[in-house]
1. Return the pairs, sorted by first residue and then second, in which the second residue is of a type in the set (Gly, Ala, Ser) and open to solvent by 30 Å² or more (accessible area, probe 1.4 Å), the first residue lies in segment 67-90 and is under 17 Å from Asn31 (Cα atoms), the beta carbons are less than 6 Å apart, and the residues are 6+ apart or on different chains.
2. Conditions: (1) out of contact with any strand residue (DSSP E or B) (no Cβ under 6 Å at 6 or more places or on another chain); (2) farther than 17 Å from Tyr103 by Cβ. Ala53 meets all but one. Number of the miss?
3. Restricting to segment 46-66, what's the tally of residues that are among the small types (Gly, Ala, Ser) and either touching a residue at least 24 places away in the same chain (Cβ under 8 Å) or under 18 Å from Asn28 (Cβ atoms) (or both)?
4. Taking segment 133-159 only, how many residues are open to solvent by less than 40 Å² (accessible area, probe 1.4 Å) and assigned to a strand (DSSP E or B)?
5. Which one is most open to solvent (accessible area, probe 1.4 Å), of the residues in segment 160-171 that are free of Cβ contacts under 8 Å to residues at least 40 places away in the same chain and part of a strand (DSSP E or B)?
6. Can you run down the residue pairs with Cβ atoms below 7 Å, 6 or more apart or on separate chains, where the first is in segment 104-115 and on the phi > 0 side of the Ramachandran plot and the partner is polar (S, T, N, Q) and surrounded by 14 or more Cβ atoms within 10 Å (Cβ to Cβ)?
7. Kindly indicate whether Arg126 is in a helix (DSSP H, G or I), open to solvent by 50 Å² or more (accessible area, probe 1.4 Å), over 21 Å from Ile33 (Cα atoms) and at pLDDT below 95.
8. Being more than 12 Å from the chain's Cα centre (by Cα) and of a type outside the set (A, V, I, L, M, F, W, C): is that true of His106 here?
Amino acid sequence: INLLLNKMNIPNNLIENFSYEIREIKPNNFNSIIEIIHESKLIGEELLNIDDAILFIKSKLERNKAKIYITIHDAKPIGFMVFFVKINPLSPVKYNWHISYLYVKHEYRRNKIAQKMMLKCINFSRKTKVEFLSLNTGTDNYAAHRLYENLGFYRKDFIANYFYYEINLNH
C-alpha cells in the first residue's frame, strides 16, 4: 500500500490505523536513536558538532539529567523527544524540565505522535512534582505553536528567532 501511495504522491501520514509505541530510552540502548538524531537535523552543524551534541545528550541521560522518549513503528524509530533538567533556584523543587528536541519523521506527521509524546512528557513531569515544563520553538513553526498552545503551554518570551513556552504543572 505504501508503494501505491508513493506512486500517487499521497503522503504516508494519510494512512489510518497504523500502530506505534512510545518508549523511554535508557542509557544502555541510547545507540538505537543516534541515526534518527542525525536524520532530524535538529542540531545544526553550524552551531554545534553533531557528534559532540550526541555525546552531551548521552552524558546527561547517563547522569539522570535527561529523559528520552522514542516512538517505534515496525521496529524502527519514527520520532523522539529529549528533555533536560533545568535548574531553578527560585523554585521550592529547585528544578524543572525543559524539552530540547522533538522530532517526528515527515511521513508520519499529522498522526498525533508529537502530541502523544508531549502528553507522556507532561505526565512524567507532573509525577516528578516540578512547577514548570518549558520549551523553545521557531517563530515560524505554526503547527508546533498550535500543538503546544492546545496542550496548555503559553508563550512567555521571544528569544532571538524563538518563542519560549511554559506550562504550569501546579494546577
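1. Close Cβ pairs (under 6 Å, with a partner that is of a type in the set (Gly, Ala, Ser) and open to solvent by 30 Å² or more (accessible area, probe 1.4 Å)) amount to Val82/Ser100.
2. (2)
3. Matching residues across segment 46-66 total 2.
4. 5
5. Restricting to residues being free of Cβ contacts under 8 Å to residues at least 40 places away in the same chain and part of a strand (DSSP E or B), the top hit is Tyr162.
6. Cβ pairs passing all conditions: Arg110/Asn13.
7. On the way: in a helix (DSSP H, G or I): yes; open to solvent by 50 Å² or more (accessible area, probe 1.4 Å): yes; over 21 Å from Ile33 (Cα atoms): yes; at pLDDT below 95: yes.
Yes: the conditions hold for Arg126.
8. Spelling it out, His106 is indeed more than 12 Å from the chain's Cα centre (by Cα) and of a type outside the set (A, V, I, L, M, F, W, C).
The values are calculated or read from the model by the stated rules, or taken from the named source; none is laboratory data. The structure displayed is predicted, hence computed values, not measured ones. Cβ coordinates were reconstructed from backbone atoms using ideal geometry, including for glycine residues, and neighbour counts include every protein chain displayed. We work out accessible area using only protein heavy atoms, side chains counted, and drop any ligands, DNA or RNA first. Shrake-Rupley method; radii C 1.70, N 1.55, O 1.52, S 1.80 Å.
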